[in-house]
Amino acid sequence: MKKLAIREGWSTIFLVSMLVYVAVWSLLRADWADRMEFLNWVTLAGLVVGVAASKWRTHPAWLVHAAGALAGLVVVVFFTTAYLDDRIGGPWTKLTWLWARWERWLAQLWTGEPIEDLYLFVFFSSLLVFLLA
């Protein structure tokens with residue numbers, strides 16, 4: 001039972017979770033993109049990784065943060081590629097396709113052209129939600 005004890009208290013975990021989920025539910029309610037319900041799972045993953053990282057006190061802080069960031073990147077890439085249409089191809093093809101959009105977005109950013117990309121919006125929203133959690 002002591003392993004389930006959290007020094008900060010479970011009420012703190014609950015309140016932080018509600019705070020994060022209110023932001024996520026607001027984003028979902030805005031309906032800026034279809035099928036973004038997976039953000040609930042990204043948020044849950046971020047909260048679990050955050051709690052686990054806070055309990056991992058035997059390692060240096062930079063290592064814990066790097067492991068959390070890597071876990072977040074894996075979660076976000078997984079859910080973003082699952083969000084993309086299967087007609088694009090398999091997971092690696094979807095990653096390549098998303099990378100090409102990223103390169104085009106950066107080129108447009110540097111030239112000052114208007115930028116609109118739904119799929120990068122979904123990716124960055126997922127990444128932001130994970131980091132917020």
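The values are calculated or read from the model by the stated rules, or taken from the named source; none is laboratory data. Computed from a prediction, not measured in an experiment: that's the story for all the values here. Methodologically, a virtual Cβ is constructed for each residue, glycine included, from the backbone with ideal geometry; neighbour enumeration extends over all protein chains shown. Side chains included, ligands, DNA and RNA excluded: accessible areas come from the protein's heavy atoms. Shrake-Rupley method; radii C 1.70, N 1.55, O 1.52, S 1.80 Å.
Just wondering, is there one or more residues in region 11-21 that are assigned to a loop (DSSP other than H, G, I, E, B), open to solvent by less than 40 Å² (accessible area, probe 1.4 Å) and in contact (Cβ under 8 Å) with a residue 24 or more places away in the chain?
no
For A67, indicate whether it is open to solvent by less than 90 Å² (accessible area, probe 1.4 Å), touching a residue at least 12 places away in the same chain (Cβ under 8 Å) and either among the small types (G, A, S) or in contact with a Phe, Trp or Tyr (Cβ under 6 Å, 6 or more places away or on another chain) (or both).
yes
For region 97-133, name all the residues that are β-branched (V, I, T) and surrounded by 12 or more Cβ atoms within 10 Å (Cβ to Cβ).
Those that are β-branched (V, I, T) and surrounded by 12 or more Cβ atoms within 10 Å (Cβ to Cβ): I115, V122, V129.
Restricting the search to region 22-51, which residues are touching a residue at least 12 places away in the same chain (Cβ under 8 Å) and small (G, A, S)?
Matches in region 22-51: A23, A33, A45, G46, G50.
Any residue at all in region 56-68 that's within 14 Å of L127 (Cα to Cα) and of a type outside the set (D, E, K, R)?
Among the residues of region 56-68, at least one is within 14 Å of L127 (Cα to Cα) and of a type outside the set (D, E, K, R), which makes the answer yes.
Need a quick list: helices (runs of 4 or more DSSP H) entirely within region 25-133 having at least 1 residues that are of a type in the set (G, A, S) and closer than 30 Å to G9 by Cα.
Of the helices (runs of 4 or more DSSP H) lying wholly inside region 25-133, those with at least 1 residues that are of a type in the set (G, A, S) and closer than 30 Å to G9 by Cα span 39-55, 61-83, 118-132.
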